Amino acid sequence: MRTLSLALICSVSAILAACGGGSSSSSDASSPSSGASAPAASTLSQKAQLGQTIFFDKSLSSNKNMACASCHSPAYAYGPPNSLSVQLGSDPSLSGVRAVPSLRYKAMTPPYDDNAANPDGVTQNAPGGGFMLDGRATTLATQPAFPLLNPIEMNNSSPDVVVKAVQSGPYAARFQQVYGQGVFGNTMAAFNDIGDALQQFQIEEPSFETYTSKFDLYIGNKLGGTLTAAETRGLKLFNDTTNGAGCAACHYVGANFQGSVGLMTDFTYQAIGAPRNDASIPNNTDPIPANANASFVDMGLCGPYATIHIPGSATSGAGPDSFTGVNVPDPYCGRFKVPTLRNVATRSVFFHNGVFHSLVQVINFYNTRDTNPEYWYPSTGGDSSHQVQNPSFALFPTAASGATAQSFNDLPAAYQGNIDEELPMGQGQTDAGGTTAADGAKPRPIHSTPQLTQQDIADLVCFLNTLTDGYQPPATPPTSGSCVN
Ligand code: HEC
Ligand code: HEC
(Lines give C-alpha, C1' and ligand atoms only; values in the text may rest on other atoms or scores of the structure.)
(Ligands and ions follow the chains in the order given, each with its own letter.)
Protein backbone atom coordinates (compact mmCIF):
# COMPACT_ATOMS: atom_id res chain seq x y z
CA MET A 1 0.00 0.00 0.00
CA ARG A 2 2.87 2.36 0.73
CA THR A 3 4.48 2.07 -2.65
CA LEU A 4 2.41 3.38 -5.46
CA SER A 5 2.97 4.20 -9.09
CA LEU A 6 2.96 7.85 -10.10
CA ALA A 7 0.06 7.24 -12.46
CA LEU A 8 -2.05 5.96 -9.62
CA ILE A 9 -1.16 8.96 -7.49
CA CYS A 10 -2.41 11.22 -10.25
CA SER A 11 -5.70 9.41 -10.46
CA VAL A 12 -6.04 9.47 -6.70
CA SER A 13 -5.49 13.20 -6.83
CA ALA A 14 -8.21 13.42 -9.42
CA ILE A 15 -10.50 11.50 -7.11
CA LEU A 16 -9.62 13.88 -4.31
CA ALA A 17 -10.59 16.83 -6.43
CA ALA A 18 -13.70 15.12 -7.75
CA CYS A 19 -14.85 13.87 -4.36
CA GLY A 20 -14.10 17.14 -2.73
CA GLY A 21 -17.68 17.65 -1.51
CA GLY A 22 -18.27 21.37 -1.87
CA SER A 23 -14.65 22.20 -2.37
CA SER A 24 -14.41 21.92 -6.14
CA SER A 25 -14.58 25.69 -6.52
CA SER A 26 -11.65 26.21 -4.22
CA SER A 27 -8.09 25.83 -5.34
CA ASP A 28 -6.95 24.69 -1.91
CA ALA A 29 -8.65 21.36 -2.36
CA SER A 30 -7.24 20.50 -5.74
CA SER A 31 -3.96 18.89 -6.56
CA PRO A 32 -1.44 20.14 -9.14
CA SER A 33 -1.66 16.88 -11.01
CA SER A 34 -5.42 16.52 -10.74
CA GLY A 35 -6.06 17.35 -14.38
CA ALA A 36 -3.75 14.64 -15.60
CA SER A 37 -6.10 11.69 -15.63
CA ALA A 38 -9.76 10.78 -15.32
CA PRO A 39 -11.13 9.67 -11.96
CA ALA A 40 -10.53 5.97 -11.41
CA ALA A 41 -12.40 3.64 -9.11
CA SER A 42 -11.36 4.35 -5.53
CA THR A 43 -9.21 1.80 -3.77
CA LEU A 44 -10.38 3.13 -0.43
CA SER A 45 -12.71 1.31 1.95
CA GLN A 46 -16.22 2.72 2.51
CA LYS A 47 -15.08 4.26 5.79
CA ALA A 48 -12.08 5.91 4.21
CA GLN A 49 -14.17 7.25 1.32
CA LEU A 50 -16.53 8.73 3.86
CA GLY A 51 -13.56 10.23 5.68
CA GLN A 52 -12.39 11.70 2.39
CA THR A 53 -15.73 13.43 1.86
CA ILE A 54 -15.65 14.76 5.42
CA PHE A 55 -12.06 15.99 4.97
CA PHE A 56 -13.22 18.28 2.15
CA ASP A 57 -16.59 19.26 3.66
CA LYS A 58 -16.79 22.98 4.36
CA SER A 59 -20.23 22.69 5.94
CA LEU A 60 -18.50 21.36 9.06
CA SER A 61 -17.30 24.86 9.96
CA SER A 62 -19.29 27.69 11.55
CA ASN A 63 -19.25 29.88 8.43
CA LYS A 64 -19.40 26.95 5.98
CA ASN A 65 -16.16 28.24 4.51
CA MET A 66 -13.53 25.90 5.89
CA ALA A 67 -12.73 22.20 5.60
CA CYS A 68 -9.78 20.22 6.89
CA ALA A 69 -8.36 20.57 3.37
CA SER A 70 -8.46 24.37 3.60
CA CYS A 71 -5.48 24.27 5.95
CA HIS A 72 -4.14 20.84 5.00
CA SER A 73 -4.10 21.25 1.24
CA PRO A 74 -3.40 18.11 -0.84
CA ALA A 75 -1.60 20.35 -3.31
CA TYR A 76 0.90 21.28 -0.59
CA ALA A 77 1.61 17.87 0.93
CA TYR A 78 -1.47 18.37 3.13
CA GLY A 79 0.18 21.45 4.61
CA PRO A 80 -0.78 25.13 4.39
CA PRO A 81 -1.54 26.47 0.89
CA ASN A 82 0.06 29.85 1.59
CA SER A 83 2.97 31.43 3.42
CA LEU A 84 0.98 32.79 6.37
CA SER A 85 2.58 32.02 9.75
CA VAL A 86 -0.81 30.95 11.07
CA GLN A 87 -4.16 30.59 9.31
CA LEU A 88 -7.38 32.52 9.83
CA GLY A 89 -10.30 30.66 11.36
CA SER A 90 -13.72 29.95 9.89
CA ASP A 91 -14.59 33.16 11.72
CA PRO A 92 -12.02 35.31 9.89
CA SER A 93 -11.72 37.72 12.80
CA LEU A 94 -9.92 34.92 14.65
CA SER A 95 -6.51 33.57 13.90
CA GLY A 96 -4.56 30.43 14.71
CA VAL A 97 -1.58 30.26 17.02
CA ARG A 98 0.53 27.59 15.30
CA ALA A 99 1.75 26.95 11.78
CA VAL A 100 -0.13 24.16 10.00
CA PRO A 101 1.87 20.92 9.81
CA SER A 102 1.87 18.60 6.80
CA LEU A 103 -0.28 15.51 7.35
CA ARG A 104 1.93 13.29 5.24
CA TYR A 105 3.73 10.36 6.86
CA LYS A 106 1.77 10.72 10.10
CA ALA A 107 -0.05 7.39 10.19
CA MET A 108 2.89 5.55 11.75
CA THR A 109 3.33 7.99 14.61
CA PRO A 110 3.50 6.04 17.89
CA PRO A 111 1.17 7.05 20.75
CA TYR A 112 2.36 9.83 23.04
CA ASP A 113 4.50 8.61 25.90
CA ASP A 114 6.39 10.69 28.48
CA ASN A 115 8.97 7.95 28.50
CA ALA A 116 9.20 6.85 24.88
CA ALA A 117 12.12 4.81 23.55
CA ASN A 118 14.26 6.57 20.95
CA PRO A 119 14.52 4.87 17.55
CA ASP A 120 18.30 5.22 17.58
CA GLY A 121 18.43 2.76 20.48
CA VAL A 122 21.02 4.92 22.24
CA THR A 123 19.36 8.11 23.38
CA GLN A 124 17.62 7.77 26.73
CA ASN A 125 13.85 7.62 26.87
CA ALA A 126 12.09 10.96 26.58
CA PRO A 127 8.70 12.37 25.61
CA GLY A 128 7.80 11.11 22.15
CA GLY A 129 4.94 10.24 19.83
CA GLY A 130 1.41 11.59 19.65
CA PHE A 131 -0.31 14.05 17.36
CA MET A 132 -0.30 17.85 17.31
CA LEU A 133 2.88 19.81 17.91
CA ASP A 134 2.51 19.08 21.62
CA GLY A 135 1.34 15.46 21.38
CA ARG A 136 -2.01 16.17 22.98
CA ALA A 137 -4.06 14.14 20.49
CA THR A 138 -3.81 10.42 21.10
CA THR A 139 -4.90 9.11 17.71
CA LEU A 140 -5.88 10.34 14.27
CA ALA A 141 -9.44 9.48 15.32
CA THR A 142 -9.59 11.68 18.43
CA GLN A 143 -7.55 14.50 16.83
CA PRO A 144 -10.36 15.96 14.63
CA ALA A 145 -12.31 17.09 17.73
CA PHE A 146 -9.67 19.80 18.21
CA PRO A 147 -10.04 21.65 14.88
CA LEU A 148 -13.80 20.97 14.66
CA LEU A 149 -14.50 22.53 18.07
CA ASN A 150 -11.72 25.09 18.29
CA PRO A 151 -13.16 28.65 18.05
CA ILE A 152 -10.06 29.80 16.14
CA GLU A 153 -10.39 26.97 13.60
CA MET A 154 -13.65 25.37 12.42
CA ASN A 155 -15.48 26.97 15.32
CA ASN A 156 -18.38 24.57 15.93
CA SER A 157 -19.93 25.25 19.32
CA SER A 158 -20.49 21.57 20.17
CA PRO A 159 -20.18 18.04 18.82
CA ASP A 160 -23.95 18.18 18.29
CA VAL A 161 -23.59 20.97 15.74
CA VAL A 162 -21.06 18.92 13.77
CA VAL A 163 -23.18 15.78 13.83
CA LYS A 164 -26.29 17.76 12.75
CA ALA A 165 -24.34 19.14 9.78
CA VAL A 166 -23.48 15.62 8.66
CA GLN A 167 -27.02 14.41 9.32
CA SER A 168 -28.56 17.13 7.17
CA GLY A 169 -25.88 16.95 4.49
CA PRO A 170 -25.67 15.06 1.19
CA TYR A 171 -23.79 12.05 2.56
CA ALA A 172 -25.99 11.33 5.60
CA ALA A 173 -27.23 8.07 4.06
CA ARG A 174 -23.68 6.88 3.36
CA PHE A 175 -22.78 7.73 6.96
CA GLN A 176 -25.66 5.54 8.17
CA GLN A 177 -24.67 2.75 5.82
CA VAL A 178 -21.19 2.66 7.29
CA TYR A 179 -21.92 3.34 10.96
CA GLY A 180 -25.46 1.99 11.32
CA GLN A 181 -28.97 3.26 10.70
CA GLY A 182 -29.30 4.51 14.26
CA VAL A 183 -25.99 6.35 14.28
CA PHE A 184 -27.47 9.82 14.54
CA GLY A 185 -29.40 8.81 17.67
CA ASN A 186 -26.26 9.06 19.80
CA THR A 187 -24.46 12.35 19.28
CA MET A 188 -21.16 11.44 20.91
CA ALA A 189 -20.99 8.08 19.14
CA ALA A 190 -21.66 9.78 15.80
CA PHE A 191 -19.09 12.49 16.57
CA ASN A 192 -16.50 9.83 17.33
CA ASP A 193 -17.42 8.05 14.08
CA ILE A 194 -16.61 11.23 12.17
CA GLY A 195 -13.15 11.04 13.73
CA ASP A 196 -12.94 7.36 12.91
CA ALA A 197 -13.72 8.01 9.23
CA LEU A 198 -11.15 10.81 9.07
CA GLN A 199 -8.55 8.53 10.61
CA GLN A 200 -9.31 5.77 8.11
CA PHE A 201 -8.97 8.23 5.22
CA GLN A 202 -5.56 9.39 6.49
CA ILE A 203 -4.39 5.80 6.94
CA GLU A 204 -5.61 4.40 3.62
CA GLU A 205 -5.37 7.24 1.13
CA PRO A 206 -2.10 6.56 -0.71
CA SER A 207 -1.27 10.21 -1.35
CA PHE A 208 -0.47 10.64 2.36
CA GLU A 209 2.53 8.31 1.99
CA THR A 210 3.82 7.87 -1.51
CA TYR A 211 7.56 7.44 -0.89
CA THR A 212 8.18 8.89 -4.35
CA SER A 213 10.87 11.45 -3.55
CA LYS A 214 14.28 11.51 -5.19
CA PHE A 215 15.67 10.44 -1.82
CA ASP A 216 13.42 7.34 -1.89
CA LEU A 217 14.64 6.44 -5.35
CA TYR A 218 18.18 6.93 -4.10
CA ILE A 219 17.90 4.79 -0.96
CA GLY A 220 15.82 2.23 -2.84
CA ASN A 221 18.65 1.99 -5.35
CA LYS A 222 16.18 2.65 -8.15
CA LEU A 223 16.94 3.85 -11.62
CA GLY A 224 17.53 7.59 -11.80
CA GLY A 225 17.95 7.79 -8.07
CA THR A 226 21.50 9.08 -8.05
CA LEU A 227 22.01 12.16 -5.95
CA THR A 228 24.05 15.02 -7.37
CA ALA A 229 27.34 16.10 -5.82
CA ALA A 230 25.64 18.98 -3.99
CA GLU A 231 22.83 16.75 -2.66
CA THR A 232 25.33 14.13 -1.56
CA ARG A 233 27.32 16.73 0.38
CA GLY A 234 24.06 17.94 1.95
CA LEU A 235 23.08 14.42 3.01
CA LYS A 236 26.50 13.86 4.54
CA LEU A 237 26.30 17.10 6.52
CA PHE A 238 22.76 16.21 7.57
CA ASN A 239 23.86 12.87 8.99
CA ASP A 240 27.23 13.85 10.43
CA THR A 241 26.78 14.62 14.13
CA THR A 242 30.51 15.03 14.72
CA ASN A 243 31.77 17.42 12.08
CA GLY A 244 28.66 18.19 10.09
CA ALA A 245 25.28 19.70 10.83
CA GLY A 246 23.98 16.85 12.97
CA CYS A 247 20.40 17.24 11.78
CA ALA A 248 19.78 13.48 11.85
CA ALA A 249 20.20 13.46 15.63
CA CYS A 250 16.57 14.57 15.76
CA HIS A 251 15.39 14.30 12.15
CA TYR A 252 16.13 10.61 12.25
CA VAL A 253 16.87 9.07 8.86
CA GLY A 254 16.84 5.37 9.78
CA ALA A 255 14.02 2.91 10.29
CA ASN A 256 11.38 4.15 12.70
CA PHE A 257 9.18 2.33 15.15
CA GLN A 258 6.80 1.01 12.54
CA GLY A 259 9.54 -0.19 10.24
CA SER A 260 9.16 2.73 7.87
CA VAL A 261 12.33 4.32 6.57
CA GLY A 262 13.47 7.89 6.50
CA LEU A 263 10.63 9.77 8.13
CA MET A 264 13.18 12.39 9.16
CA THR A 265 11.92 12.52 12.72
CA ASP A 266 12.57 10.52 15.88
CA PHE A 267 9.11 11.61 17.15
CA THR A 268 10.67 13.34 20.15
CA TYR A 269 10.03 16.82 21.48
CA GLN A 270 12.85 19.35 21.66
CA ALA A 271 13.24 22.95 22.74
CA ILE A 272 15.24 24.79 20.13
CA GLY A 273 14.31 28.35 20.99
CA ALA A 274 12.46 29.66 17.95
CA PRO A 275 12.31 33.47 18.14
CA ARG A 276 8.98 34.93 19.23
CA ASN A 277 6.92 35.75 16.17
CA ASP A 278 5.72 39.20 17.15
CA ALA A 279 5.96 42.85 16.20
CA SER A 280 9.42 43.20 17.77
CA ILE A 281 10.76 41.80 14.49
CA PRO A 282 11.18 44.76 12.12
CA ASN A 283 8.89 44.71 9.07
CA ASN A 284 7.18 41.58 10.35
CA THR A 285 4.11 41.45 8.12
CA ASP A 286 2.89 38.28 9.74
CA PRO A 287 3.20 38.23 13.54
CA ILE A 288 0.94 35.84 15.48
CA PRO A 289 -1.96 37.99 16.72
CA ALA A 290 -2.03 36.15 20.07
CA ASN A 291 1.57 37.26 20.65
CA ALA A 292 0.47 40.89 20.90
CA ASN A 293 -0.38 39.88 24.45
CA ALA A 294 2.99 39.64 26.20
CA SER A 295 1.66 37.16 28.74
CA PHE A 296 0.69 34.66 26.05
CA VAL A 297 3.47 32.12 25.62
CA ASP A 298 3.18 28.93 23.61
CA MET A 299 5.33 26.43 25.49
CA GLY A 300 4.45 23.29 23.54
CA LEU A 301 4.59 20.15 25.66
CA CYS A 302 3.87 21.98 28.93
CA GLY A 303 0.97 24.07 27.69
CA PRO A 304 -1.14 26.05 27.32
CA TYR A 305 -2.91 23.54 25.06
CA ALA A 306 -1.28 20.28 26.04
CA THR A 307 -3.59 19.82 28.99
CA ILE A 308 -6.81 20.89 27.33
CA HIS A 309 -9.77 18.65 27.86
CA ILE A 310 -12.58 19.18 25.41
CA PRO A 311 -15.86 19.11 27.33
CA GLY A 312 -18.45 16.67 26.11
CA SER A 313 -16.07 14.83 23.82
CA ALA A 314 -14.10 11.67 24.19
CA THR A 315 -10.98 13.64 23.49
CA SER A 316 -8.82 14.69 26.34
CA GLY A 317 -5.33 16.05 26.35
CA ALA A 318 -2.77 13.32 26.06
CA GLY A 319 -0.05 15.72 27.04
CA PRO A 320 2.62 15.32 29.68
CA ASP A 321 1.73 13.74 32.98
CA SER A 322 4.13 16.03 34.75
CA PHE A 323 2.38 19.30 33.99
CA THR A 324 3.05 21.37 37.03
CA GLY A 325 1.92 24.88 36.19
CA VAL A 326 3.67 27.92 34.88
CA ASN A 327 5.74 28.90 37.86
CA VAL A 328 7.49 25.63 38.47
CA PRO A 329 10.47 24.78 36.27
CA ASP A 330 9.21 21.98 34.09
CA PRO A 331 11.62 20.17 31.78
CA TYR A 332 8.93 19.99 29.11
CA CYS A 333 8.38 23.70 28.67
CA GLY A 334 9.37 24.98 25.23
CA ARG A 335 9.52 21.55 23.63
CA PHE A 336 7.77 20.96 20.33
CA LYS A 337 7.48 17.90 18.17
CA VAL A 338 10.38 17.22 15.83
CA PRO A 339 8.54 17.42 12.50
CA THR A 340 9.16 15.14 9.55
CA LEU A 341 11.23 16.92 6.92
CA ARG A 342 9.62 15.00 4.07
CA ASN A 343 8.15 17.53 1.63
CA VAL A 344 9.55 20.35 3.74
CA ALA A 345 10.69 22.18 0.59
CA THR A 346 7.03 22.55 -0.45
CA ARG A 347 6.39 24.70 2.63
CA SER A 348 6.86 28.43 2.95
CA VAL A 349 6.39 28.62 6.69
CA PHE A 350 8.56 26.89 9.28
CA PHE A 351 8.63 26.09 13.00
CA HIS A 352 5.63 25.94 15.34
CA ASN A 353 5.12 29.68 15.24
CA GLY A 354 5.83 30.16 11.54
CA VAL A 355 8.54 32.71 12.30
CA PHE A 356 10.72 31.58 9.38
CA HIS A 357 9.80 31.65 5.72
CA SER A 358 12.66 29.93 3.94
CA LEU A 359 14.88 26.90 4.42
CA VAL A 360 17.98 29.05 4.09
CA GLN A 361 16.74 31.12 7.01
CA VAL A 362 15.96 28.00 9.10
CA ILE A 363 19.42 26.50 8.64
CA ASN A 364 21.14 29.81 9.24
CA PHE A 365 19.18 30.02 12.48
CA TYR A 366 20.45 26.61 13.57
CA ASN A 367 23.96 27.65 12.58
CA THR A 368 24.10 31.04 14.28
CA ARG A 369 21.52 30.91 17.06
CA ASP A 370 24.29 30.86 19.67
CA THR A 371 27.13 32.59 17.80
CA ASN A 372 25.04 35.51 16.55
CA PRO A 373 21.83 35.73 18.54
CA GLU A 374 21.49 39.39 17.44
CA TYR A 375 20.42 38.05 14.02
CA TRP A 376 17.37 36.36 15.54
CA TYR A 377 16.34 38.01 18.78
CA PRO A 378 15.72 41.61 19.83
CA SER A 379 18.73 43.31 21.41
CA THR A 380 19.00 45.82 24.21
CA GLY A 381 21.71 48.27 25.21
CA GLY A 382 24.82 48.95 23.15
CA ASP A 383 25.67 52.04 21.15
CA SER A 384 22.54 52.82 19.17
CA SER A 385 24.41 55.36 17.04
CA HIS A 386 26.54 52.51 15.66
CA GLN A 387 24.29 50.01 13.96
CA VAL A 388 25.94 46.83 12.74
CA GLN A 389 24.51 45.39 9.53
CA ASN A 390 23.33 41.76 9.81
CA PRO A 391 23.23 39.30 6.88
CA SER A 392 20.18 39.35 4.63
CA PHE A 393 18.82 36.08 6.06
CA ALA A 394 18.61 37.56 9.59
CA LEU A 395 15.26 38.47 11.16
CA PHE A 396 16.83 41.64 12.55
CA PRO A 397 18.53 43.67 9.77
CA THR A 398 20.77 45.56 12.22
CA ALA A 399 21.84 45.53 15.87
CA ALA A 400 23.44 48.27 17.93
CA SER A 401 27.14 47.74 18.43
CA GLY A 402 27.79 46.05 21.78
CA ALA A 403 24.09 45.29 22.34
CA THR A 404 22.90 42.18 24.19
CA ALA A 405 20.50 39.89 22.37
CA GLN A 406 17.50 38.59 24.30
CA SER A 407 18.06 34.98 23.32
CA PHE A 408 15.16 32.53 23.51
CA ASN A 409 12.71 35.41 23.87
CA ASP A 410 9.69 33.13 23.37
CA LEU A 411 10.28 31.17 26.56
CA PRO A 412 10.15 32.51 30.13
CA ALA A 413 13.61 32.68 31.73
CA ALA A 414 12.72 29.88 34.17
CA TYR A 415 12.58 27.40 31.28
CA GLN A 416 15.43 28.58 29.09
CA GLY A 417 17.62 25.84 30.53
CA ASN A 418 15.45 23.40 28.57
CA ILE A 419 16.84 24.69 25.27
CA ASP A 420 18.96 22.17 23.40
CA GLU A 421 22.46 23.61 23.35
CA GLU A 422 23.99 21.08 20.99
CA LEU A 423 22.72 22.80 17.88
CA PRO A 424 23.67 22.82 15.15
CA MET A 425 26.17 20.03 15.30
CA GLY A 426 25.43 17.53 18.04
CA GLN A 427 28.20 15.59 19.70
CA GLY A 428 31.87 16.41 19.44
CA GLN A 429 31.49 20.15 19.58
CA THR A 430 34.54 22.06 20.65
CA ASP A 431 34.40 24.96 23.05
CA ALA A 432 36.33 28.23 22.78
CA GLY A 433 39.48 26.59 24.12
CA GLY A 434 39.39 23.98 21.40
CA THR A 435 38.52 21.08 23.68
CA THR A 436 35.65 18.80 22.91
CA ALA A 437 32.74 19.14 25.28
CA ALA A 438 32.26 15.73 26.85
CA ASP A 439 28.48 15.82 26.64
CA GLY A 440 28.50 17.65 23.34
CA ALA A 441 26.08 20.05 24.90
CA LYS A 442 28.04 23.25 25.07
CA PRO A 443 26.70 26.23 23.17
CA ARG A 444 29.09 27.65 20.62
CA PRO A 445 30.62 30.80 22.10
CA ILE A 446 29.14 34.11 21.06
CA HIS A 447 30.71 35.61 17.93
CA SER A 448 32.84 32.52 17.29
CA THR A 449 32.86 31.13 13.76
CA PRO A 450 29.65 29.21 13.06
CA GLN A 451 29.92 25.55 12.20
CA LEU A 452 28.50 25.68 8.69
CA THR A 453 29.56 27.77 5.70
CA GLN A 454 27.01 29.30 3.31
CA GLN A 455 28.05 26.58 0.84
CA ASP A 456 27.22 23.92 3.45
CA ILE A 457 23.84 25.54 3.97
CA ALA A 458 23.14 25.63 0.23
CA ASP A 459 24.07 21.92 0.07
CA LEU A 460 21.74 21.10 2.96
CA VAL A 461 18.90 22.91 1.19
CA CYS A 462 19.66 20.87 -1.96
CA PHE A 463 19.39 17.70 0.09
CA LEU A 464 16.11 18.81 1.71
CA ASN A 465 14.76 19.34 -1.81
CA THR A 466 15.29 15.64 -2.55
CA LEU A 467 12.64 14.86 0.09
CA THR A 468 9.76 16.15 -2.04
CA ASP A 469 7.36 13.45 -3.24
CA GLY A 470 6.46 12.96 -6.88
CA TYR A 471 9.98 13.15 -8.25
CA GLN A 472 10.35 12.20 -11.87
CA PRO A 473 13.90 11.61 -13.04
CA PRO A 474 14.74 13.83 -16.03
CA ALA A 475 15.51 12.05 -19.31
CA THR A 476 18.93 13.69 -19.33
CA PRO A 477 20.33 14.64 -15.93
CA PRO A 478 21.47 18.30 -15.92
CA THR A 479 25.20 18.87 -15.81
CA SER A 480 25.03 22.42 -14.49
CA GLY A 481 22.67 24.68 -12.53
CA SER A 482 21.71 24.78 -8.88
CA CYS A 483 22.11 21.70 -6.70
CA VAL A 484 24.20 19.88 -9.32
CA ASN A 485 27.91 20.32 -8.68
C1 HEC B 1 -7.60 26.52 10.47
C2 HEC B 1 -6.62 25.58 9.98
C3 HEC B 1 -6.85 24.11 10.25
C4 HEC B 1 -7.95 23.35 9.97
C5 HEC B 1 -9.25 23.80 9.34
C6 HEC B 1 -7.62 22.00 10.35
N7 HEC B 1 -6.36 21.95 10.85
FE8 HEC B 1 -5.35 20.28 11.36
N9 HEC B 1 -3.88 21.41 12.13
C10 HEC B 1 -3.81 22.78 12.09
C11 HEC B 1 -2.79 23.25 12.98
C12 HEC B 1 -2.40 24.70 13.22
C13 HEC B 1 -2.23 22.10 13.58
C14 HEC B 1 -1.17 22.07 14.70
C15 HEC B 1 -2.00 22.27 15.96
C16 HEC B 1 -1.33 22.16 17.28
O17 HEC B 1 -0.24 21.63 17.41
O18 HEC B 1 -1.95 22.62 18.26
C19 HEC B 1 -2.93 20.96 13.02
C20 HEC B 1 -2.64 19.63 13.33
C21 HEC B 1 -3.29 18.56 12.76
C22 HEC B 1 -2.89 17.18 12.92
C23 HEC B 1 -1.71 16.68 13.73
C24 HEC B 1 -0.48 16.64 12.86
C25 HEC B 1 0.78 16.28 13.60
O26 HEC B 1 1.86 16.61 13.10
O27 HEC B 1 0.70 15.69 14.69
C28 HEC B 1 -3.79 16.41 12.23
C29 HEC B 1 -3.78 14.90 12.08
C30 HEC B 1 -4.76 17.33 11.65
N31 HEC B 1 -4.41 18.61 11.97
C32 HEC B 1 -5.88 16.93 10.93
C33 HEC B 1 -6.93 17.79 10.67
C34 HEC B 1 -8.26 17.35 10.31
C35 HEC B 1 -8.68 15.91 10.12
C36 HEC B 1 -9.01 18.47 10.14
C37 HEC B 1 -10.47 18.59 9.82
C38 HEC B 1 -11.38 18.00 10.79
C39 HEC B 1 -8.12 19.61 10.39
N40 HEC B 1 -6.90 19.15 10.74
C41 HEC B 1 -8.52 20.93 10.26
C42 HEC B 1 -4.63 23.60 11.32
C43 HEC B 1 -5.86 23.21 10.83
C1 HEC C 1 17.89 18.89 18.79
C2 HEC C 1 17.01 18.35 17.79
C3 HEC C 1 17.09 18.95 16.38
C4 HEC C 1 18.19 19.06 15.56
C5 HEC C 1 19.61 18.63 15.85
C6 HEC C 1 17.71 19.65 14.34
N7 HEC C 1 16.39 19.89 14.41
FE8 HEC C 1 15.22 20.67 12.94
N9 HEC C 1 13.66 20.74 14.21
C10 HEC C 1 13.65 20.27 15.51
C11 HEC C 1 12.42 20.66 16.16
C12 HEC C 1 12.01 20.35 17.59
C13 HEC C 1 11.70 21.40 15.22
C14 HEC C 1 10.35 22.09 15.44
C15 HEC C 1 10.65 23.39 16.16
C16 HEC C 1 9.44 24.24 16.40
O17 HEC C 1 8.36 23.91 15.92
O18 HEC C 1 9.58 25.27 17.07
C19 HEC C 1 12.49 21.42 13.99
C20 HEC C 1 12.10 22.02 12.81
C21 HEC C 1 12.83 22.01 11.63
C22 HEC C 1 12.39 22.54 10.38
C23 HEC C 1 11.04 23.19 10.12
C24 HEC C 1 10.05 22.15 9.64
C25 HEC C 1 8.64 22.63 9.62
O26 HEC C 1 7.79 21.89 9.09
O27 HEC C 1 8.33 23.71 10.14
C28 HEC C 1 13.39 22.33 9.46
C29 HEC C 1 13.38 22.71 8.00
C30 HEC C 1 14.46 21.69 10.17
N31 HEC C 1 14.10 21.50 11.48
C32 HEC C 1 15.66 21.32 9.59
C33 HEC C 1 16.76 20.92 10.33
C34 HEC C 1 18.10 20.84 9.80
C35 HEC C 1 18.47 21.09 8.34
C36 HEC C 1 18.90 20.50 10.82
C37 HEC C 1 20.41 20.41 10.81
C38 HEC C 1 21.09 21.65 10.51
C39 HEC C 1 18.08 20.33 12.00
N40 HEC C 1 16.78 20.62 11.67
C41 HEC C 1 18.52 19.94 13.25
C42 HEC C 1 14.67 19.57 16.12
C43 HEC C 1 15.96 19.49 15.65
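The values are calculated or read from the model by the stated rules, or taken from the named source; none is laboratory data. Nothing here was measured: the structure is a model prediction, and the numbers come from that model. Using ideal geometry, Cβ is built from the backbone for each residue, glycine included, and neighbour counts are taken over all protein chains shown. Surface accessibility is based on the protein's heavy atoms, side chains included, excluding ligands, DNA and RNA. Shrake-Rupley method; radii C 1.70, N 1.55, O 1.52, S 1.80 Å.
Some observations on this one:
Yes/no per residue for (1) closer than 20 Å to Pro119 by Cβ; (2) surrounded by fewer than 19 Cβ atoms within 10 Å (Cβ to Cβ); (3) more than 15 Å from ligand 2 (Cβ to nearest atom):
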{"position": "Asn192", "(1), (2), (3)": "no, no, yes"}
{"position": "Gly195", "(1), (2), (3)": "no, no, yes"}
{"position": "Gln202", "(1), (2), (3)": "no, no, yes"}
{"position": "Glu205", "(1), (2), (3)": "no, no, yes"}
{"position": "Asn221", "(1), (2), (3)": "no, yes, yes"}
{"position": "Leu227", "(1), (2), (3)": "no, no, yes"}
{"position": "Arg233", "(1), (2), (3)": "no, no, no"}
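- Residues within segment 361-417 that are assigned to a helix (DSSP H, G or I), more than 25 Å from Ser295 (Cα to Cα) and not aromatic (Phe, Trp, Tyr), tallied: 6
- Hits in segment 76-106 (condition: open to solvent by 30 Å² or more (accessible area, probe 1.4 Å) and either more than 16 Å from ligand 2 (Cβ to nearest atom) or not in a loop (DSSP other than H, G, I, E, B) (or both)): Tyr76, Leu88, Asp91, Pro92, Ser93, Leu94
- Subset of segment 121-137 (residues that are out of contact with any His (no Cβ under 7 Å at 6 or more places or on another chain), part of a loop (DSSP other than H, G, I, E, B) and crowded, with 19+ Cβ neighbours inside 10 Å): Gly129, Gly130, Met132, Asp134, Gly135, Arg136
- Residue within segment 140-163 that is outside any loop (DSSP other than H, G, I, E, B), more than 14 Å from ligand 1 (Cβ to nearest atom) and open to solvent by 10 Å² or more (accessible area, probe 1.4 Å) present: yes
- Out of Tyr377, Tyr366, one residue alone is under 21 Å from Gln455 (Cβ atoms) and away from ligand 1 (no atom under 16 Å from the Cβ). It is Tyr366.
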